[in-house]
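Asker: Here it is, the structure, as structure tokens.
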Amino acid sequence: MTSTVPRGGSEMAPAGSELSGGGRGSRSGLAAVLDLPAELVRGMAKSAATTPGRLSLIVVGLVVLSLLTGLVGTLSMQQRDDSVDALVEHREPLAAAAQEVYRSLSDADATAATAFLMPGTDSAALRERYAADIAKAGAALAKAASDSAGNPEAAEQIDVISRQLPVYTGLIASAKANDRQGYPVGAAYLREASELLRSTILPAAEDLYRINADRLAEEQDDATSFPWFIALMLVGLIAALAYVQVYLKRRTNRVFNVGLLVSSGAVALLVLWTVVALVVQGVFVGSGRDETEQADRLVGARIAALQARADETLTLVARGGGEEYEEGFAEHFQRFAGLDGSGGLLRQAVEEADSGTTLRAATDHAADWLKAHDRVRELDGNGEHQQAVLLAIDEKDPNSPATAFNLVDSELATAIDSARTAFAEDTSAGANALTLLAPAYALLSIIAALGATLGIRERLREYR
């Protein structure tokens, strides 16, 4: 009887044998991948058991450490250089813009009050000065707003000023229109405008300035902070090079290794360069910070003087009912220049100035202003209101408050510009000290890596 068993049936594999074999192969491959780190460690340990193996591991470590130090140092020094440049090109101008908002609005308030006292139509010069102040405040506010997106507190102050400034200018326009027609309500509009400015707009402007001033100070601190991380890497690299040279001396009885000496020299040069550059940069940036602090005092003194001038004129606008404005004058003038014109913020600025000639002249003018103010108050108190007004606003009379105030304001403006210029020069000099340090890290770290490679390579050749 013929068999029905297929030919070659005895060679057929059991069902599923290929699948199971493939599964074992997959598990074996995954296990091999997971075992790679352990194999690498075992291989390194085995290699380290021999002197050539240890030298190979040493050179790899030195090269990696050298290049890593170079990379971190290059990025760190470039970032530091960029930060110092940003102080001059970005942060300080924004702080100055916030200052300008406050100063321009304060000057606009004083100018509007002075113009209101002018008999008849106010002078073209005062109109132009008021319009220029409002325009400068608007431009400075727009500049400050360009950097407020990431700072909700600054954005809030800018929003307050932006919403209330048109209200203020509208009240001033109403005051002028009513005054031209001889309506007494014009004085009420002027006082309402000044109150809005002082109670809402100027506090917001002051907060905006403080926010920007604090950010400037923080960035100056960051620009002069000690680079701890890169310092630790440099110390680690120096220690590693020293250890390797001692190790080779003990193993080979050779005192010098040219390659490692070159590597050590490159790192030593890098350390010396870093120390000198950072010290020079710190000195210049610190000097620039002193100038910003001086400018801050001068701006505070100038704003206090502007507020005192506004109070002085508003006292006369009130026609016998301006006691609160006279008290405001006394408060602001005392903050500006003390009780007699030689104290306050002005005196602090004189004491901190490198050359106090200009500011001492401002002190003399402040004393003259106080004397002229007393004469105006005496005339007004004796019922000679018109004579008091004429004296208060006469810019040609050398003994008038207007003349003394203008001289004070001019001296302070010159001193502020000088402080800002000195800040820019000093801080730029600090940035220049770091100009080549970032590429030096890249170049010298490569030299250090090559020196270590060539130096140990010579020792490895002895084992072949």
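Asker: Looking only at the range 166-184, decide whether some residue is surrounded by 18 or more Cβ atoms within 10 Å (Cβ to Cβ), free of Cβ contacts under 8 Å to residues at least 40 places away in the same chain and among the hydrophobic types (A, V, I, L, M, F, W, C).
Answerer: Scanning the range 166-184, I find at least one residue that is surrounded by 18 or more Cβ atoms within 10 Å (Cβ to Cβ), free of Cβ contacts under 8 Å to residues at least 40 places away in the same chain and among the hydrophobic types (A, V, I, L, M, F, W, C), so the answer is yes.
Asker: Now for a separate question. In contact with a helix residue (DSSP H, G or I) (Cβ under 6 Å, 6 or more places away or on another chain), among the charged types (D, E, K, R) and at pLDDT below 90: is that true of Glu458 in this structure?
Answerer: no
Asker: Scan Val280, Val246, Val267, Val258 and give me the residue that is at pLDDT 90 or above and surrounded by fewer than 17 Cβ atoms within 10 Å (Cβ to Cβ).
Answerer: Being at pLDDT 90 or above and surrounded by fewer than 17 Cβ atoms within 10 Å (Cβ to Cβ) holds for just one of Val280, Val246, Val267, Val258, which is Val280.
Asker: Hey, does the range 320-333 have a residue that's in contact (Cβ under 8 Å) with a residue 60 or more places away in the chain and surrounded by 19 or more Cβ atoms within 10 Å (Cβ to Cβ)?
Answerer: no
Asker: Within the range 293-400, considering only helices (runs of 4 or more DSSP H) that don't extend past its boundaries, which have at least 3 residues that are modelled with pLDDT of 90 or more and out of contact with any helix residue (DSSP H, G or I) (no Cβ under 6 Å at 6 or more places or on another chain)?
Answerer: The helices (runs of 4 or more DSSP H) meeting that bar are 323-337, 357-381.
The values are calculated or read from the model by the stated rules, or taken from the named source; none is laboratory data. Since the structure is predicted, the reported quantities are computational estimates derived from the model, not experimental observations. Positions of Cβ are backbone-derived with ideal geometry, glycine not excepted, and every protein chain shown enters the neighbour counts.
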